[in-house]
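Since the structure comes first, as structure tokens, the remarks are kept for the end.
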Amino acid sequence: ATEQGAESFERAIERDQRIEPRDWMPDAYRGTMVRQIAQHAHSEIIGMQPEGAWITRAPSLRRKAILLAKVQDEAGHGLYLYSAAETLGADRADLTDKLISGRQKYSSIFNYPTLTFADVGVIGWLVDGAAICNQVPLCRTSYGPYARAMIRICKEESFHQRQGYELLMTMMRGTPEQREMVQDAVDRWWWPSLMMFGPPDAESANTAQSMAWKIKRHTNDELRQRFVDMTVPQAEALGVRLPDPELRWNPERGHHDFGEVDWAEFRRVVGGGGPCNAERIAVRRAAHEEGAWVREAAAAYAAKQAARRDA
Ligand code: 3HC
């Protein structure tokens with residue numbers, strides 16, 4: 001079966017066909033898919049914290065309602081992705097343990113603080129904008145359940161990005177203090193947003209294999225470049241300056257040249273040394289422990305329902 005399985009797996013990948021849960025797949029493919037999908041799910045759930053901090057402090061009912069909807073969407077994205085990981089045999093409780101104990105990662109971007117309400121707009125514009133750049137190609141990733149989860153997530157992500165950009169447009173038409181708040185948030189979130197795409201291709205342990213298995217359709221550097229090219233005109237329309245003195249259009253390349261990302265900061269934040277890492281994990285751990293009774297109640301109710309059905 002393995003011989004035959006391996007052949008049909010290779011053929012399916014070659015033909016851009018989806019790999020489905022019951023298909024044979026190399027253990028390493030299963031392993032890297034669980035790794036990426038689980039960490040993507042963890043990112044969505046942890047990502048609820050920075051924005052969630054502003055739900056009770058939103059400046060109007062409209063902004064509060066939009067932010068509430070967005071944070072709820074992130075929770076839903078996490079659930080779709082944990083479900084996709086479960087189709088590979090992963091156990092959701094185990095994945096949560098791995099997140100809380102630091103044995104699995106989540107996106108470095110969520111380890112920065114949200115200091116003013118302008119951060120909510122900049123997260124929508126830049127962080128969700130970067131996520132869209134990264135997630136649209138993932139709609140064509142070779143693993144079926146992951147690709148299908150991405151298709152729905154991308155639809156909701158575009159609302160996230162648009163509401164952020166509209167919030168910033170409103171503030172840029174406001175007082176000088178509001179315009180300064182926006183520029184200050186852009187200065188703090190620009191470089192961490194570029195780090196969301198991962199290390200340079202030359203230092204990426206997983207990219208080559210992920211490209212060969214069509215898990216990734218573009219490399220980290222290609223998507224980072226695409227994000228920069230897409231964002232520069234948006235920054236100009238908004239009237240903000242991106243904090244990179246080397247950023248300029250290069251007609252020969254047909255792309256923007258930009259400065260070097262601070263990879264020491266990237267490694268430090270991924271390694272747990274960012275401004276909010278400890279807090280994000282502590283809040284996630286507390287939510288898990290305080291929520292144990294809800295899980296037990298749901299399990300008891302399900303058992304009772306099952307017993308009634310079988311009676
Ligand atoms: N933060 C934390 N860890 C990161 C990272 C980041 N920004 N970038 C890379 N890493 C980790 C990788 O996970 C890998 O570690 P691991 O082997 O222990 O998993 C290591 O650094 C080397 O990076 P690689 O490039 O070799 O790893 P990948 O091939 O997995 O590429 C990735 C990294 C581009 C993030 C890829 O995993 C990916 O596309 N993941 C799916 C998208 C995702 O997770 N996005 C999170 C953004 S937040 C989000 O989408 C929520 C939205 O609502 C804002």
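Figures for the structure shown
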quantity: Efficiency of FRET from Cβ geometry, E20 and A53, R₀ 45 Å, rounded to 0.05; calculated: 0.70
quantity: Taking region 190-298 and dividing mean pair separation by its residue count, relative contact order in percent (alpha carbons under 8 Å, at least six apart); calculated: 20
quantity: R0 of 51 Å, Cβ-Cβ distance E290-M230: FRET efficiency to nearest 0.05; calculated: 0.80
quantity: Three-way shape label, the chain, alpha-carbon gyration tensor, a/c 1.5; calculated: oblate
quantity: FRET efficiency, A311 to D187 (Cβ-Cβ, R0 45 Å, nearest 0.05); calculated: 0.10
quantity: Peptides ranked, highest mean first, by Cβ atoms within 10 Å: ranges 214-224, 245-255; calculated: 214-224, 245-255
quantity: GNM result for the chain, Cα springs below 10 Å: residue of T96, T32, T175 fluctuating most strongly; calculated: T175
quantity: Reachable lysines from K70, criterion Cα separation under 20 angstrom, eight or more residues apart if same chain; calculated: K155
quantity: Segment I151-N250, extension gain: residue separation times 0.36 nm, minus the distance between their alpha carbons; calculated: 32.3 nm
quantity: Relative packing of peptides 289-298, 47-56, 22-31, 188-197 - highest average C-beta neighbours within 10 Å first; calculated: 188-197, 47-56, 22-31, 289-298
quantity: Stretch gain in nm, segment K64-R11, where the contour uses 0.36 nm per residue and the Cα spacing is subtracted; calculated: 14.1 nm
quantity: Distance (nanometres) between label positions extended 7 Å along Cα→Cβ at A237 and K98; calculated: 3.9
quantity: Gain in span if fully extended, A212 to A282, counting 0.36 nm per residue against the direct Cα distance; calculated: 21.5 nm
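Bear in mind these aren't lab numbers, they're just calculated from the coordinates by the rules spelled out. Note that the structure is predicted; figures quoted are calculated from it, not measured. Here the Cβ is made from the backbone with ideal geometry for all residues, glycine too, and neighbour counts use every protein chain on show.
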